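Take a look at the structure set out below.
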Amino acid sequence: MAQDKAETGDLQKWLSEIGAGLDTFLAFKHPDAMTDHDQWHDYLNMPLPEKGVGIEAVTADLVNHIIPFGSAIPRPGFTGYITTGSTSASTLASTAASIASPQRYGHNAFNFLEALSLEWLANLFGIGHLQGVYSSGGSVANLVALGGARQSAFEKVGIDPAMQGVSRPVSLYASAECHHTIQRSAGVLGVGRQSVKLIACDDQGRMRVDLLEKAILDDLAAGVMPMAIVANAGTTNTGAIDPLQAMGLLAQKYDIWYHIDGAYGLPGILDEAVKPLYQGLEMADSVIVDPHKWLGASVGIAATFVRDRQVLLRAFTQEPADYLEGSVAHSAQSEPTIVHSMDDFGIPYFDFGVELSAPARGVAVWAMIREIGAEGLRARVKRHNGMARTLSTLAHAHPRLAVVSEPTLSICCFRYVRDGIADLDAFNQQLCRLLVRENKLLPSTTRVNGVLAIRPCYVGARAETDQVAALVTAVVRIGDALFETSHTMS
Ligand SMILES: *Cc1c(COP(=O)(O)O)cnc(C)c1O
């Protein structure tokens, strides 16, 4: 018996109980958590316990009072935002890592997969010449990439911004449709949110390159230093892909760091039908992707790729510290002889970003790719893109539906339209809310070119193709009923 009560072992027993609970959850026979709100909330909402109940009771709580009241996000019909449930292989791998390799440093099989899976991802997406580092999500991945951009821009004028701070105005050029973590990154990096110049898009949500060049020239004339051009390979709103090639050429022409945010859409390159839109990707100085979106990893896994990780090292190094004995061995001239897994830290990922302690994430990415191969991922991306296109076709064909934005990737924005509806935006907002409350098909809404639309985004491995026709039927049914009610009332 271990001295610490928390060291129970017996994982086979406890994991099998949790596994059974999760299998029941994944049958999705349960109502939404809010339907039973009082039941779980009142049970769980207890004061700090002085005495513990032991692992058996904790496991029972998980199975009976927590798992059944989990999130709607893993449902097959959940298509809101850009998020999804993790696949089984990813869950198993993350769980294994949490026990057998709790950190991504040191030499062991998990941490070998940290490097290998980054290589696999890079090769999968045709950016095998870039070097990667994992972080917790697209937000941090963008921050890390733009940290590289800041370092590079200031070093060109003889300043080390990581050491000296930033001392002159810069500009980051991103489209008006860029993810707002670009502005936040600029804020955190000390160059200021206002340094992000939002370039207008065409009516398809793609950056206007003519306006980009004009903005660069205006800044150069005013003595403002360009720091980065940020392109979207799949905007969060509609999945639009910026003109990557034309933007890359401008980045080359003016010697500006070229960042491509592919948090959602980089895997789109696996679909031959849209692959040509990714021409120019090879010009990027940095690219990010979120394996926890389209690839189905458990949340907390993004990757930043750059040409040379040394720039990230200069941007983010913690400097040697006595308490990190071994942290510098790797960079010493003579390669240390590795006899024990803790002889040195291995690849110093903790100096290429903003996290020191971090889980070994690569094993989850490795598991997903090893499970179904590039072929399986390609099939998924194609299936999802096909679903968005089918939805567009069905919506075009229906007299009371209108397509608001044509799909590029796996998002299709559409809405219910009919003569006699005074406020189409409010009507569709309410329609979508009623739809979600049925707890089967759960898209979200957005605004595209000033218009509110229903926005399914197909990224979940559980999404089935017949959901598309079902969504059209449901939206028409609910829209018709809502129209009748509002017109009998008035
Ligand atoms: C989702 C998303 C992000 C942010 O990623 P998180 O993993 O949610 O932090 C950044 N950029 C784009 C284009 C995204 O779609």
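How would Phe25, Phe112 line up by accessible area, probe 1.4 Å, largest first? Working shown, then result.
Working: Phe25 20, Phe112 125 Å².
I get Phe112, Phe25, largest accessible area first.
Suppose all protein chains stay in the model; what accessible area per residue would a 1.4 Å probe give for the chain, in Å²?
47
Once you keep just the Cα pairs under 8 angstrom separated by 6 or more residues, what percentage relative contact order results for region 373-489?
The value is 26 percent.
Over region 257-411, what portion of Cα pair distances is larger than 28 Å, expressed as a whole percent?
40
Taking amide H positions as placed 1.01 Å from N in the peptide plane, with prolines and chain starts having none, which residues 5 or more places from Val448, or on another chain, fall under 5 Å of its amide H?
The list, which skips near neighbours in sequence, is Ala453.
Can you send over the solvent-accessible area of Glu371, 1.4 Å probe, protein chains only, in Å² to the nearest 10?
In the full protein context, Glu371 sits at about 110 Å².
To one decimal place, what Kirkwood hydrodynamic radius in Å is obtained for region 68-172 from all pairs of distinct Cα atoms?
Numbers: mean 1/r = 0.0571 Å⁻¹.
Hydrodynamic radius (Kirkwood, Cα pairs) of region 68-172 is 17.5 Å.
Once you've got the Cα coordinates, tell me which of Lys293/Lys382; Lys156/Lys253; Lys382/Lys440; Lys214/Lys253; Lys29/Lys440 are over 18 Å apart.
Check vs 18 Å cut-off fails for Lys382/Lys440.
With every protein chain kept in the model, how would you rank Arg184, Arg437 by accessible area, 1.4 Å probe, largest at the top?
Details: Arg184 120, Arg437 175 Å².
Final ranking, largest accessible area leading: Arg437, Arg184.
Which of the DSSP-defined H helices in the chain satisfy a minimum axial length of 24 Å, computed from C-alpha atoms, and a minimum mean Kyte-Doolittle hydropathy of 0.5?
The qualifying helices are 467-489.
Provide the solvent-accessible area of Asp218, counting protein heavy atoms only and rolling a 1.4 Å probe, rounded to the nearest 10 Å².
Solvent-accessible area, nearest 10 Å²: 80 Å².
Give or take rounding to whole Å, what are the principal axis extents of the alpha carbon atoms in region 14-83, in descending order?
The Cα atoms of region 14-83 stretch 42, 27, 22 Å along the principal axes, largest first.
Which order do Ser117, Ser341 take by accessible area at a 1.4 Å probe, largest first?
From most exposed to least exposed: Ser341, Ser117.
Run the helix sum for the chain: -39,500 (n - 2.57) per DSSP H stretch of 4+ residues, divided by residue count, reported at 222 nm to the nearest 500 deg cm²/dmol.
-12500 deg cm²/dmol
Over 5 Å intervals from 0, what percent of Cα-Cα pairs in region 220-262 sits in each interval?
Each 5 Å bin holds this share of Cα pairs: 6, 22, 26, 20, 14, 8, 4.
Using amide H atoms built 1.01 Å from N in the peptide plane, name the residues 5+ places from Gly234, or on other chains, whose amide H lies under 5 Å from its own.
Answer set, sorted by chain and number: Ile241, Asp242.
Apply the Karplus parameterisation 6.51 cos²θ - 1.76 cosθ + 1.60, with θ equal to phi minus 60°, to every residue of region 401-410 and state each ³J(HN,Hα) to the nearest whole Hz, in sequence, with x for glycine and proline.
So the Karplus estimates, Gly and Pro as x, are 10, 10, 7, 9, 9, 5, x, 9, 10, 9 Hz.
Enumerate by residue number the GluC sites (Glu not before Pro) in region 170-275 meeting two conditions: DSSP loop (anything except H, G, I, E, B), and at most 10 other Cβ atoms within 10 Å of the site's Cβ.
Of the GluC sites (Glu not before Pro), the ones in loops of region 170-275 whose Cβ has at most 10 other Cβ atoms within 10 Å are Glu272.
Let's test this: bin the Cα-Cα distances of region 373-489 at 10 Å from zero up to the farthest pair and state each bin's percent.
14, 47, 29, 8, 2, 0
Just the accessible area for Met225, please: 1.4 Å probe, Å², rounded to the nearest 10?
20
Using a 1.4 Å probe on the protein chains only, how many percent of the accessible area of region 225-273 belongs to carbon and sulfur?
Carbon and sulfur: 55 percent of the exposed surface of region 225-273.
Could you name the aspartates and glutamates in cross-link range of Lys5, using Cα to Cα under 17 Å and dropping any fewer than eight places away on the same chain?
Result set, ordered by chain and number: Glu50, Glu56.
Kirkwood Rh over alpha-carbon pairs of the chain, then Stokes-Einstein at 20 °C and 1.002 mPa s: what D in µm² s⁻¹, rounded to an integer?
Answer from the Stokes-Einstein relation: 87 µm²/s.
The values are calculated or read from the model by the stated rules, or taken from the named source; none is laboratory data. For clarity, every value in this text was computed on a predicted model and none was experimentally measured. Please note: Cβ atoms are built from the backbone with ideal geometry, for glycine as well, and neighbour counts cover all protein chains shown. In case anyone asks, the SASA skips ligands and DNA or RNA and just uses the protein heavy atoms, side chains included. Shrake-Rupley method; radii C 1.70, N 1.55, O 1.52, S 1.80 Å.
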